[in-house]
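This report refers to the structure that appears directly beneath it.
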Amino acid sequence: MNLNQQNCEVCPVHNAGNLKRLGIDMKNFDFVVALAGNPNTGKSTVFNNLTGLKQHTGNWPGKTVTRAEGGFEYGNSKYKLVDLPGTYSLLSTSTDEEVARDFILFGQPDVTIIVADATRLERNLNLVLQILEITDRAILCLNLMDEAERHKIKIDDRMLSKDLGIPVIPTIARYNKGMSELLYSIDEIVTGKYVCKPHRIKSKSRELNFAVEKIGKKILEEFPALPNVNWVALRLLEGDQSIIDSIRNGDLGKIYSVGQKKLELESAV
Amino acid sequence: MNNQDTNREAILSTANNLRWEVGENFHDTLMESIYENASAITKRAVTLPTKKETVSWEKKIDRILTSRYFGFPIMFLILGVVFWLTIEGANVPSGMLASLLVDTVHPALKSVAAAIGLPFWLDGVLIDGAYLAMAWVISVMLPPMAIFFPLFTLLEDFGYLPRVSFNMDSLYRRVGAHGKQALTMAMGFGCNAAGIIATRVIDSPRERLIAIITNNFSLCNGRWPTQILIATIFIGAAVPAYLAGIVSAAAVVFIAVLGIVFSLIVSWGLSKSVLKGEASAFSLELPPYRPPRILQTLYTSLIDRTIFVLWRAIVFAIPAGVVIWLVGNITIDGETIANLFINWVNPFAFILGLNGVIILAYIIAIPANEIVIPTVLMLTVMSLGLTDVGAGSGVMFELDSVTATQDILIAGGWTLLTAINLMLFSLLHNPCSTTIFTIYKETKSVKWTLIATFLPIVMGLIVTFFVTQIWRLIVQN
């Protein structure tokens, strides 16, 4: 009997029953979860599924232009969920891309869910890889699996998860499928049960690798807690003004020390 | 502190020096690495189907829907079918709602008011003004909306609207606007305020302003019912009965397309004068066709759109009903305020092929376009002093059929010309108050808000003027 109960509790399906959609109630949240991804992959649908809100969804690229926020409760923790505008990359300078990038970088979400279109995985991975350069706590939500099936595309999600170093959850958000697995995975990451080892981009250019390494060392001397030195180094090489500013005024260090403190607190508990 | 600063500057100078070493094209090198990594990972995880087996039907559909020759005709045809279904389907439920809300509930309310001894002015303002305005809006607006919005949402979910944008995109670029304006224009067909917020996807401020100013030329939710009703009554009546539905649907499509044409002309004018500049490049991704979830679409379009728009119409109709009752009952030197105004503007309205009633209705209906038609009808009856229809002076009445509406308007001196001009003026006039406020919030500029507000009115006046003069020259001689 006891054993049975335990089995139930570790089963993600059982835990889906614990999802409490809080709508716009985001008071006293414990964790922040960001939703990122290419345009028109179903971010808003996932958002609505988890928060119970009714963000208008549509078969449109670029439907979400502003940040939407909502709350949900799962496994005794309260979460704030932030729906970011869809982008193809984080390397250009248009406003919607900056909104997404700055939030992942400066807003310090505890988990970033990257929603990807399973039928267009390769192009979606370009963004996934860029996000993994910035943050090391992410989940790939492989959405639109029904369409992939319809197009006879087969995806080995375990292999993908191994290569990317993050959990990969196949979903069909429109039909609310895979949401309990997604929630379970979020919980595993924030509680530290799953530790991501995100893939980092390997370049063939020796000069570039050398330059990144050299700048990276310098940055680490000043900001030892920084988890994404290589990415910051690349941005400096590109002359990204907001990153240059955040180094000058020390904001870069502050962000991570706050993140660090939170981790320390958690481990103390 | 100082030491810290030097450390930080050292990071930056190292980066500056190395930037020269890695060479200019390192951004490309980086992108290449990302693509290579992504492709390698994909290869390990994804098994694609053997070629030609699937996908091709989507490509085939796209080739037809976005074809150079068939793209536009198909677009007109699809829109036409949607309007035809709306026009044919809305008449009967409209009449049923009217007989319930107006013929049954209204007299009941009146007798209750009489029983508890309400003073005549309170009874007039509340029941003949506010309640009847609301009843009218529900019975006229609800049936077409309940048919039109789900159909429109189905098109959207299926993925057709981005194809419309794809067809339009090159036209917008040719007039010096951003291709994405085609997208925001299509969103404006739902609601202009939403379309204006959607212009945030346009990066260049110049092109974004053009998109904001011209969004009003997309017929919105509030104006579709006006177009549909007037087209049914006057355009449909001008042809044999079996053609009526098709011809009135075609007339509505024509007005919608005319709106697109005006948005192109105005975009061109702006980008060649005050907002000069080159169109910037962008890529528009055609989303895959997704089988729409019919039940969910019905549900959400009913909740998100139909009820939302209806609620908005009711909220604005109630105070408007009060205003109408007041201007129809307060008199100066024995003449009601409404009549004084109508007679005063009539000569001017005549030049435009409209009438004083329509002008007054548009002023009362500035808060929401949805209530233009109810206001027009009520004012017409009142100014004619028709007592056999409706409940008398200053009362928004309901008509149990489209023919009855037609009788009123014809009695009010309406002709086919008045109808055409009303349809044109409904397309070309100031945005509603919500949209004006949204324009201000998005542009943060009083100047551009005023331009976006008054430009369409000026155009409306010019267009109706010329249509009227030409009509009188050709048709009436």
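The values are calculated or read from the model by the stated rules, or taken from the named source; none is laboratory data. For clarity, every value in this text was computed on a predicted model and none was experimentally measured. Note that we place each Cβ from the backbone using ideal geometry, even for glycine, and neighbour counts take in every protein chain shown.
Report, by residue number, each residue of segment A:241-250 that is within 11 Å of another protein chain (Cβ to nearest Cβ) and either in a helix (DSSP H, G or I) or buried (at least 17 other Cβ atoms within 10 Å of the Cβ) (or both).
Hits for segment A:241-250 are A:ILE243, A:ILE244, A:ASP245, A:SER246, A:ILE247, A:ARG248.
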For the structure I just gave you, tell me whether B:VAL274 is assigned to a loop (DSSP other than H, G, I, E, B) and modelled with pLDDT of 75 or more.
yes
Within segment B:24-41, considering residues that are in contact with a helix residue (DSSP H, G or I) (Cβ under 9 Å, 6 or more places away or on another chain) and more than 7 Å from chain A (Cβ to nearest Cβ), the one modelled with the lowest pLDDT
B:MET31
Search result, residues across segment B:294-339 that are part of a loop (DSSP other than H, G, I, E, B) and under 19 Å from B:MET378 (Cα atoms):
B:ILE330
Top-ranked residue of segment A:87-136 - restricted to ones that are more than 10 Å from chain B (Cβ to nearest Cβ), modelled with pLDDT under 90 and not in a helix (DSSP H, G or I), ranked as nearest to A:LYS154 (Cα to Cα):
A:THR87
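Out of curiosity, is B:PRO49 touching a Pro at 6+ places or on another chain (Cβ under 8 Å) and either surrounded by 14 or more Cβ atoms within 10 Å (Cβ to Cβ) or under 30 Å from A:MET145 (Cβ atoms) (or both)?
Numbers: touching a Pro at 6+ places or on another chain (Cβ under 8 Å): no; either surrounded by 14 or more Cβ atoms within 10 Å (Cβ to Cβ) or under 30 Å from A:MET145 (Cβ atoms) (or both): yes.
Against the criterion (touching a Pro at 6+ places or on another chain (Cβ under 8 Å) and either surrounded by 14 or more Cβ atoms within 10 Å (Cβ to Cβ) or under 30 Å from A:MET145 (Cβ atoms) (or both)), B:PRO49 does not qualify.
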Those residues of segment B:170-187 which are more than 10 Å from every other protein chain (Cβ to nearest Cβ) and modelled with pLDDT under 80 amount to B:GLY179
Residues of segment A:209-225 satisfying the condition of being in contact with a Leu (Cβ under 8 Å, 6 or more places away or on another chain) and surrounded by 18 or more Cβ atoms within 10 Å (Cβ to Cβ)
A:ALA211, A:VAL212, A:ILE215, A:ILE219, A:PHE223
Taking the options B:THR199, B:THR184, name whichever one is within 22 Å of B:LEU151 (Cβ to Cβ), surrounded by 24 or more Cβ atoms within 10 Å (Cβ to Cβ) and not basic (Lys, Arg).
B:THR184
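Can you tell me which residues in segment B:189-203 are within 10 Å of chain A (Cβ to nearest Cβ) and either touching a His at 6+ places or on another chain (Cβ under 7 Å) or not hydrophobic (A, V, I, L, M, F, W, C) (or both)? Outline the logic, then answer.
Narrowing segment B:189-203 to residues within 10 Å of chain A (Cβ to nearest Cβ): B:190, B:194, B:197-203.
Residues satisfying the conditions are B:GLY190, B:THR199, B:ARG200, B:ILE202, B:ASP203.
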Of the numbered conditions (1) assigned to a strand (DSSP E or B); (2) within 8 Å of chain B (Cβ to nearest Cβ), A:MET159 satisfies every one except a single condition; which is it?
(1)
Quick check on B:SER248: is it out of contact with any Cys (no Cβ under 8 Å at 6 or more places or on another chain), in contact (Cβ under 8 Å) with a residue 24 or more places away in the chain and in a helix (DSSP H, G or I)?
yes
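So is A:GLY37 at pLDDT below 85 and either of a type in the set (Gly, Ala, Ser) or more than 30 Å from A:GLU122 (Cα to Cα) (or both) or not?
Working: at pLDDT below 85: no; either of a type in the set (Gly, Ala, Ser) or more than 30 Å from A:GLU122 (Cα to Cα) (or both): yes.
No; evaluated as a whole, the condition is false for this residue.
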Among the residues of segment B:292-337 satisfying the criterion of being under 28 Å from A:LEU144 (Cβ atoms) and of a type in the set (Lys, Arg), which is surrounded by the most Cβ atoms within 10 Å (Cβ to Cβ)?
B:ARG305
Would you check which residues across segment A:138-151 are buried (at least 19 other Cβ atoms within 10 Å of the Cβ), more than 10 Å from chain B (Cβ to nearest Cβ) and either modelled with pLDDT under 90 or more than 18 Å from the chain's Cα centre (by Cα) (or both) and list them?
A:MET145
